[in-house]
Amino acid sequence: MLSAVVAAVMALSSVVTPHSWSTPPPPDKIVIDVVNAIGSGCPLGTSAVAVSQDNTAFTVTYSAYTALVGVGAGPLDARKNCQIGLRVHVPQGFTYGIAQADYRGFAHLEKGATGLERANYYFQGNSPTAYIQHPLTGPFEEDWHFTDSTEVGAIAFKPCGEERNLNINTELRAAAGTSDPKKTTSYVTMDSTDGSITTTYHFAWLTCP
């Protein structure tokens, strides 16, 4: 099943370098359970999660997350989304937030076509935050990489002692624009069939009283 994790209140601000937060990560293993995974971009069995050995981040790999328009595209292919609820189990005495998310993928956009990647994140019980979005403009045919970062003082942490799911919404869009959808195909993907393209979420840790 799918696993992708990010925290509440991510502002597009100055980039925070991973490992720069004051509290060291807990030494014990971090476990992430997928409570739900819904959306056309993450059908059952098409995504996977892995936590880094040093507990500073985790990665998500997709294999069926592509927005497509033009020749070969269906009526619902131009917009793909994934809504994920995650339960992150952390050692006693710690809590977490998400300080940075690195999104990666590939796009082929004909001249005049456009693409879009956007996401928001929030803890269960909080209001959803505004989407942070990144546009792409054709002609374009290469890997893309976008980083959403939060200033250290603005990171939202899960309340200590409370079990709250981390909810993540991501979306990809492709639009024909002035290109000819009857003769061309344009797409934006967060897929990786060989595991070489991943989305990375960087933890920020705090000790609880």
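Any read-out appearing in this document is the output of simple, stated calculations on the displayed coordinates, not a laboratory observation. Please read all numbers here as calculations on a predicted model, not as lab measurements. Cβ sites come from the backbone with ideal geometry, for glycine too, and all protein chains shown count toward neighbours.
Side notes on the structure shown:
Results for (1) closer than 20 Å to residue 88 by Cα; (2) of a type outside the set (D, E, K, R), shown as yes or no for each residue.
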residue: 122; (1), (2): yes, yes
residue: 127; (1), (2): yes, yes
residue: 132; (1), (2): no, yes
residue: 141; (1), (2): no, no
residue: 147; (1), (2): no, yes
residue: 157; (1), (2): yes, yes
residue: 160; (1), (2): yes, yes
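- Whichever residue in region 129-142 is assigned to a loop (DSSP other than H, G, I, E, B) and more than 15 Å from the chain's Cα centre (by Cα) and, among such residues, is nearest to residue 84 (Cα to Cα): 138
- Of all residues in region 65-82, exactly one satisfies the criterion of being outside any loop (DSSP other than H, G, I, E, B) and over 24 Å from the mean Cα position of the chain (by Cα), namely 70.
- Selection within region 141-159 - surrounded by 13 or more Cβ atoms within 10 Å (Cβ to Cβ) and in contact with a Lys or Arg (Cβ under 9 Å, 6 or more places away or on another chain): 144, 146, 158
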